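Worksheet for the structure shown next.
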Amino acid sequence: MTTLPNPYLPEIATVVETFPETPSIKTFRVVLNNPERMKAFSFKPGQVGQLSVFGVGEATFVINSPPTRMDYLQFTVMMAGEVTSKLHSLNVGDQVGVRAPLGNWFPYDTLKGKSVVFVGGGIGMAPLRTLLLYMLDNRKDYKDITLLYGARSPDDMAFKYDLPDWTTRKDMSTTLTIDREAPGWEHKVGLIPNVLLEMNPSPKNTVAITCGPPIMIKFTLQALQKLGFGDDQIITTLEKRMKCGVGICGRCNIGTKYVCMDGPVFTYAELKQLPNEL
Amino acid sequence: MAAKYLASEKLPAWLAELAASRVVLVPVKERDAVVFRPYSEGVKPVLDRQANVPPKASIFPASESLMSFKYIKNPEDLGQVAVEVHETVDAPPTVVFGGRPCDVRGFNIFDRVYDCPKVQDPYYKARRENTLFVTLACEDAENACFCHWVGSSPSDPVGSDVLLTPIQGGYLVEDVSKRGKALLSSKLLADGSKRSTEAKAVHKAALESLGEVWNPEKAPAKLLEKFDDMGFWEDVSAKCVSCGACTYLCPTCYCFNVTDERSGMKGERIRTWDNCMSYLFTLEASGHNPRPTKAHRLKNRVGHKFSYYPDIHEGIFACCGCGRCIKLCPVSVDIREIVRLAVERPTAKPEKS
Ligand SMILES: Cc1cc2nc3c(=O)[nH]c(=O)nc-3n(C[C@H](O)[C@H](O)[C@H](O)COP(=O)(O)OP(=O)(O)OC[C@H]3O[C@@H](n4cnc5c(N)ncnc54)[C@H](O)[C@@H]3O)c2cc1C
Ligand code: SF4
Ligand code: SF4
Ligand code: FES
């Protein structure tokens, strides 16, 4: 007899809020329909969920609200294909399926007492947002918090509603950048890895956490190494095409590791151990 | 183990008896292929050759519903639509009759993934619990068989409930599991205790017919060593046409896809076999594909079976040596040759990427 619950069966949830972030990115806040399950729901920063639109399919998104704010679960979705397009057309009150939490998480415990440098590019800011908010909600546990967030243009920047707080609060330091000059833009202009080098953060007792498009990650890793960050002082999250999310369907492996179970969060030291198949 | 004897002419009666209360899948000829189909009176099982298609679908159907869903409009407010989801586990009591040891052993490789402490697949598990295997030991190796390379043999009882061995006039029938013992209570079975030596001789001859053993114990490390040697992978995959037949016909390939089908207000979430030889398998939404060429994909297929899986699962290879991927590949890609070459050919220095 089955002893564990059915890992494929989603919980039904209601969309309670939706708003556009950029022309191609939209955010959804959902609440599980079963109030007890919602109350008991727990996850760790960095974990993901499979969102389903019944009749269209499922896709993977990071839960980008922090576990310290459990009024809803927030997912931010960039339009990429079938499921994401359908998600973009949903309205408040619509029903979706949620399978969460899945995967591993940022090592928020071992980061205690350390400084953290966040480097986010585009939609890659989503997983970082969870951990950043979590850390701000437990501010005394961590030392300096630095954020470098970049997007192609001001219009492509998600989480704009967070920016006034992040750029003005005294207990973190925020740098925003865009690729090319734009009218009215008062922050940096330049590619993320270059701006990072300029910022010149100290690697001492510090961990850098980066997420973004593959090309940005590649050059950000090089910049971090130049700045003296060791392989185990760099953390990133991987994207692979996923289906089951529970290590069975065989889709997301890199050698012996399954991104859905062993990831999506990896240190650079761990990545180096993996076969070269990113 | 109790040894019983089944005379050949009593086989249809035994099958009928087994089929009275369950689905009995037997290998039968369908056009030019031998496939597993439900037994009914008059069906003639093909027992003198390995089926082209293994009985994988008995536990892991090529396509199955994971759940059904229904949208329900609120009659008071038509803008409000609720959704209901129902689990659909379908697991009729089944006997797989006449599979070969390799076919049946394949499920032991599934078990470690589909039913492990971390996660259990309820659909797989329900069918596994409701299915018995009456396996037929092989008399003679076929040209692509290599079960003896991967720790098995033509009379391997692992994973079976009952083992049949062809002997003069019929079969020696031995129980392997407790559930198998229950099947031996049939009055159609005679005492076979005096015929064990005959069966042992058949087992021995079959093993000898396989020829020399090649031990793949170095394969896991060597395949990893060759990971960046793309010249090697391009050589061994040059012929491959990415048809995926090798995965669909493999008793140990277990990857799947999940898709929704909707018609009107209801629909189903369906799981179907999928395969890592396909370009789309790993294509990401960004357009990036970590396995862009057939060489990358064949590397994953062979690597998974002979390196990654054994690394995670106590050295057990995710291949039972049935040889189907060799026999039925349209261009004769030979996994034995690839694994051997990976071990024996020196590794080229990886090019700088
Ligand atoms: C751990 C993890 C976390 C993630 N977090 C987020 C997040 O927070 N926010 C976010 O926006 N995204 C996130 N993603 C990415 C997201 O999962 C994908 O964008 C999403 O799955 C796309 O789903 P889809 O159904 O819309 O696309 P699909 O319709 O499946 O299409 C995806 C792509 O596959 C290709 N494709 C599919 N079928 C075919 C075909 N038949 N022929 C040719 N090409 C085809 C196309 O290139 C297409 O663009 C995450 C992914 C992972 C793995
Ligand atoms: S059966 Fe042969 S040709 Fe087809 S994908 Fe497999 S190796 Fe390639
Ligand atoms: S890899 Fe080939 S030989 Fe091995 S189990 Fe699969 S089909 Fe049989
Ligand atoms: S998504 Fe199925 S194994 Fe990782």
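The values are calculated or read from the model by the stated rules, or taken from the named source; none is laboratory data. Quick caveat: nothing in here was measured; it's all calculated off a predicted structure. Please note: Cβ atoms are built from the backbone with ideal geometry, for glycine as well, and neighbour counts cover all protein chains shown. In case anyone asks, the SASA skips ligands and DNA or RNA and just uses the protein heavy atoms, side chains included. Shrake-Rupley method; radii C 1.70, N 1.55, O 1.52, S 1.80 Å.
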Can you name every residue in the range B:1-29 that is open to solvent by 80 Å² or more (accessible area, probe 1.4 Å) and part of a strand (DSSP E or B)?
-> B:K29
For A:K272, state whether it is within 14 Å of chain B (Cβ to nearest Cβ), touching a residue at least 24 places away in the same chain (Cβ under 8 Å) and away from ligand 1 (no atom under 16 Å from the Cβ).
-> yes
Pairs where the first residue, in the range A:80-107, is without any contact (Cβ under 8 Å) to a residue 60 or more places away in the chain and the second is open to solvent by 50 Å² or more (accessible area, probe 1.4 Å) and within 16 Å of ligand 4 (Cβ to nearest atom), C-beta under 7 Å, 6+ apart | A:A80/B:A285; A:G81/B:A285
Quick check: is even one residue across the range A:43-54 over 23 Å from A:I248 (Cβ atoms), buried (at least 21 other Cβ atoms within 10 Å of the Cβ) and touching a helix residue (DSSP H, G or I) at 6+ places or on another chain (Cβ under 8 Å)?
-> yes
Hits in the range A:218-257 (condition: closer than 23 Å to A:T110 by Cα and within 16 Å of ligand 1 (Cβ to nearest atom)) = A:I235, A:T236, A:T237, A:L238, A:K257
Without any contact (Cβ under 8 Å) to a residue 40 or more places away in the chain and either within 16 Å of ligand 2 (Cβ to nearest atom) or farther than 24 Å from B:I335 by Cα (or both), is that true of B:A144?
-> no
Looking only at residues in the range A:243-269 that are in contact (Cβ under 8 Å) with a residue 40 or more places away in the chain and open to solvent by 30 Å² or more (accessible area, probe 1.4 Å), which one is farthest from the other protein chains (Cβ to nearest Cβ)?
-> A:Y268
Give me the pairs: first residue in the range B:101-117 and more than 11 Å from every other protein chain (Cβ to nearest Cβ), second residue among the hydroxyl-bearing types (S, T, Y) and within 16 Å of ligand 2 (Cβ to nearest atom), beta-carbon distance under 7 Å, and six or more apart or on different chains, which are they?
-> B:G106/B:T252; B:I109/B:T252
Scan (1) part of a loop (DSSP other than H, G, I, E, B); (2) facing chain A (nearest Cβ under 10 Å) for the single condition B:K70 breaks and write down its number.
-> (1)
Residue selected from the range A:62-83 under the condition open to solvent by 10 Å² or more (accessible area, probe 1.4 Å) and more than 23 Å from A:P107 (Cβ to Cβ), by the criterion farthest from ligand 2 (Cβ to nearest atom) | A:D71
Could you figure out which of (1) more than 16 Å from ligand 4 (Cβ to nearest atom); (2) in contact with a Ser or Thr (Cβ under 8 Å, 6 or more places away or on another chain); (3) of a type in the set (D, E, K, R); (4) within 11 Å of chain A (Cβ to nearest Cβ) isn't true of B:R271?
-> (1)
Test for B:V96: is it away from every other protein chain (no Cβ under 12 Å), part of a strand (DSSP E or B) and either surrounded by 19 or more Cβ atoms within 10 Å (Cβ to Cβ) or of a type in the set (K, R) (or both) | yes
Please state which one of A:A100, A:A13, A:A59 is crowded, with 18+ Cβ neighbours inside 10 Å, away from chain B (no Cβ under 13 Å), small (G, A, S) and assigned to a strand (DSSP E or B).
-> A:A100
Output for Cβ contacts, cut-off 6 Å, separation at least six or different chains, first residue farther than 20 Å from B:R195 by Cβ in the range B:1-29, second basic (K, R) and not in a helix (DSSP H, G or I), reads B:V28/B:R37
By my count, helices (runs of 4 or more DSSP H) wholly in the range B:260-353 with at least 1 residues that are closer than 26 Å to B:C116 by Cα, open to solvent by 50 Å² or more (accessible area, probe 1.4 Å) and in contact (Cβ under 8 Å) with a residue 40 or more places away in the chain are B:309-312
Hey, any hits in the range A:84-92 for a residue that's among the hydroxyl-bearing types (S, T, Y), under 22 Å from A:R129 (Cβ atoms) and more than 10 Å from chain B (Cβ to nearest Cβ)?
-> no
Test each condition in (1) near ligand 2 (Cβ under 10 Å from one of its atoms); (2) surrounded by 15 or more Cβ atoms within 10 Å (Cβ to Cβ); (3) among the basic types (K, R) for B:K239 and report the one that comes out false.
-> (2)
Using the structure shown, decide if B:S185 is over 14 Å from B:C102 (Cβ atoms) and small (G, A, S).
-> yes
Of the listed residues (A:F75, A:F106, A:F61), the one being more than 9 Å from ligand 1 (Cβ to nearest atom), under 25 Å from A:F266 (Cβ atoms) and among the aromatic types (F, W, Y) is A:F106
Residue count, the range B:46-67, condition part of a loop (DSSP other than H, G, I, E, B) and exposed (fewer than 13 other Cβ atoms within 10 Å of the Cβ), comes to 2
Note on A:L238: of the conditions (1) among the hydrophobic types (A, V, I, L, M, F, W, C); (2) modelled with pLDDT of 95 or more; (3) farther than 29 Å from B:P61 by Cα, unmet is (2)
Restricting attention to the range B:91-150, the residues that are more than 24 Å from A:Y8 (Cα to Cα) and of a type in the set (A, V, I, L, M) number exactly 10
